[in-house]
Amino acid sequence: LDLVTEPELAERLELDSAEFVAVDRVRSIVDGEPISFERSRIPALGPLRQLPERGLDGSLFAELRAVDLVPDHGEEWVELVRLDEQEAALLRREPGERFLRTRRCSRGARGTFVEHVESLLDPDRFRLRLRFGDQP
């Protein structure tokens, strides 16, 4: 957890502020190897700004919901990439190994920025499922 400034991300998302709370996590299977690396960026507003000092107590979604930031819509991109040396070290893999990279930007019902997430996912552990059209 950290308070960061990322002007390029703010510009790409058309945000007024380039300050974000960074929530970076490596997830592993129980007693096993890492299977994902997730980099979340959320607005550095109100109580969220204090997350680096007080820590994440529970889920990030609960923290966002507590300040009325609820994802309503957004976009997600998925591509197959090769891990660079830093990513491979974090995930205890070999550089060049293939992983799924996802990028998702979530916004609230009125278009308010909620979260930007970039993830590297082990393709042996993760699948992509899309739904489209009107469904019950």
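Sequence gap at least 6, Cα distance under 8 Å: using those rules, report the relative contact order of segment 1-66 to the nearest whole percent. Walk me through the numbers before you get to the answer.
Working: 82 pairs, mean separation 18.8, N = 66.
29 percent.
For segment 54-136, which whole-number percentage of the solvent-accessible area (1.4 Å probe, protein heavy atoms only) is attributable to carbon and sulfur atoms?
Roughly 47 percent of what the probe reaches on segment 54-136 is carbon or sulfur.
Once you have the Kirkwood Rh of the chain from its Cα pairs, apply Stokes-Einstein at 20 °C and 1.002 mPa s and quote D in µm²/s.
132 µm²/s
For the chain, what is the relative contact order in percent, using Cα pairs closer than 8 Å and at least 6 residues apart in sequence?
So the answer I get is 22 percent.
Given 0.36 nm per residue, what is the gain on full extension from R110 to E97 after removing their alpha carbon distance, in nm?
The span from R110 to E97 would gain 0.7 nm if fully extended.
Quick check: pseudo-label points 7 Å beyond the Cα along Cα→Cβ at R129 and Q50, how many nm apart are they?
Between R129 and Q50, the simple spin-label model gives 3.9 nm.
Considering only protein heavy atoms and a probe of 1.4 Å, how much of the accessible area of segment 8-47 is carbon and sulfur, as a whole percent?
Solvent-exposed carbon and sulfur of segment 8-47 make up 47 percent of the total.
Mark the label point 7 Å from the Cα of V26 along Cα→Cβ and return the residues of segment 52-88 whose backbone N is within less than 16 Å of it.
Output list for this probe position: 83-88.
How would T5, T112, T102 rank on accessible area, largest to smallest, probe 1.4 Å?
The residues order as T5, T112, T102, largest area first.
Determine the gain in length on full extension of the stretch E33-R12; use 0.36 nm per residue of separation and subtract their C-alpha separation, reporting nm with one decimal.
Values: separation 21, 0.36 × 21 = 7.56 nm, distance 3.34 nm.
4.2 nm is the gain from fully extending E33 to R12.
What's the longest piece of the chain with no exposed GluC sites (Glu not before Pro), counting a site as exposed if DSSP puts it in a loop and it has at most 16 other beta carbons within 10 Å?
Between exposed loop sites, the widest span is 15-96.
Over the chain, give the accessible area per residue in Å² for a 1.4 Å probe, as an integer.
In whole numbers, the chain has 66 Å² accessible per residue.
The values are calculated or read from the model by the stated rules, or taken from the named source; none is laboratory data. Computed from a predicted structure; not experimentally measured. A quick note on method: Cβ atoms are made from the backbone with ideal geometry, for glycine too, and the neighbour counts reach across all protein chains shown. Each accessible area value is taken on the protein alone, full model and side chains, heavy atoms only, with ligands, DNA and RNA left out. Shrake-Rupley method; radii C 1.70, N 1.55, O 1.52, S 1.80 Å.
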